[in-house]
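The values are calculated or read from the model by the stated rules, or taken from the named source; none is laboratory data. Small disclaimer: the values here were computed from a predicted structure and weren't measured. Counting neighbours? That spans all protein chains shown, and the Cβs are built from the backbone with ideal geometry, glycine included.
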């Protein structure tokens with residue numbers, strides 16, 4: 001292309017290629033430089049990744065929370081129906097054994113104390129010795145008692161002589177009075193003399209009566225002292241065994257002392273008494289003749305006993321009544337004071353039903369049980385109790401063998417509630433359980 005000349009200006013030669021290059025350069029100058037394109041792409045990818053990760057985490061959190069709330073709702077729904085265990089009534093056995101603690105006692109027990117004051121000169125039987133009735137156990141020296149007896153006997157002799165003297169005086173006065181009375185009647189004696197002799201006879205008769213009374217009183221004194229002297233020998237009151245001895249040579253004994261320990265204790269153990277406190281619920285069957293077995297700890301053999309009597313009274317503190325049994329003890333294997341387990345053989349009515357005591361529910365409506373019906377609903381039924389057997393109780397009415405009863409029912413359980421029986425398939429929640 002030819003150059004163009006412009007008047008008054010520099011001449012510029014412009015061709016087509018130069019013009020295009022100039023235009024491109026101007027465009028680049030007009031647009032600022034934004035850096036290299038690969039760096040922009042990395043930033044965009046990073047931002048997109050962060051946003052995507054946050055979205056995923058949010059989704060997972062919301063999902064887990066929803067699942068947890070569903071689990072809580074399901075657990076709450078399940079807990080709304082309580083799970084229970086059930087029991088059923090059982091028939092009682094034909095024979096029932098009731099085991100209670102008892103205490104062995106000797107058939108007779110004699111505690112021997114001193115009746116004569118003095119010193120022990122000898123004792124003859126030790127513990128465990130077999131003794132016969134009236135066998136001497138202790139010899140006592142009582143010199144004071146012996147002296148009192150001698151004085152009493154001497155006084156008795158004096159009084160006997162005084163009675164004889166009073167008798168003679170009374171006889172003489174009576175004879176004189178009779179003679180004087182005849183003389184007065186015949187006029188040979190004065191009436192004054194007759195009155196004197198009559199009153200004298202009466203006086204001496206009274207003196208004779210006093211003398212005889214004194215003699216009788218002194219004879220009683222002598223008899224009492226003679227009886228006390230017999231206690232200088234302490235004897236066995238009956239056949240038995242010596243179970244205690246607290247006396248020794250030289251001991252000073254005081255007559256009439258019973259506050260301390262006895263000198264000897266003798267027990268008749270050929271037959272034993274067994275005392276048992278029986279709960280009030282079983283007293284009705286405690287009749288004379290009821291058989292029982294005795295088991296003594298430490299002995300393998302058992303013993304047979306028979307109920308003989310009851311106290312016919314119940315203690316207010318324990319609501320128990322005392323009964324007595326007796327058992328033969330020919331070999332002496334049973335010892336007085338020992339603990340014994342008494343197993344009563346009580347005849348029982350097999351038609352009587354029993355349930356665990358834990359199935360009972362006590363409320364303002366009385367004693368009740370919670371029956372679980374076929375649709376898993378609860379019905380509270382009032383029952384009438386019989387005897388309390390410890391873990392079980394007898395039911396007189398209100399329960400049948402087929403009924404399923406809630407064991408350990410909750411206090412707030414009421415009729416119409418829905419329950420889940422342990423070990424069975426869960427039941428759906430119903431309106432009555434809400």
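Apart from one condition, residue 218 fits all of (1) part of a helix (DSSP H, G or I); (2) exposed (fewer than 15 other Cβ atoms within 10 Å of the Cβ); the exception is (2). The set of residues in segment 183-205 that are farther than 30 Å from residue 217 by Cβ and either surrounded by 12 or more Cβ atoms within 10 Å (Cβ to Cβ) or touching a strand residue (DSSP E or B) at 6+ places or on another chain (Cβ under 9 Å) (or both) comprises 183, 184, 189, 190, 193, 194, 195, 196, 197.
The residue of segment 168-182 that is modelled with the lowest pLDDT, among those that are surrounded by 13 or more Cβ atoms within 10 Å (Cβ to Cβ) and under 16 Å from residue 208 (Cβ atoms), is 177.
So that you can scan it fast, the table gives a plain yes or no per residue for (1) surrounded by 14 or more Cβ atoms within 10 Å (Cβ to Cβ); (2) more than 30 Å from residue 410 (Cα to Cα); (3) at pLDDT below 90:
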| site | (1), (2), (3) |
| --- | --- |
| 78 | no, no, yes |
| 82 | yes, no, yes |
| 102 | yes, yes, no |
| 115 | yes, yes, yes |
| 118 | yes, yes, no |
| 140 | yes, yes, no |
| 154 | no, yes, no |
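Residues that are touching a helix residue (DSSP H, G or I) at 6+ places or on another chain (Cβ under 8 Å) and within 21 Å of residue 96 (Cβ to Cβ) are absent from segment 328-342.
The set of residues in segment 226-235 being under 51 Å from the mean Cα position of the chain (by Cα) and in a helix (DSSP H, G or I) consists of 227, 228, 229, 230.
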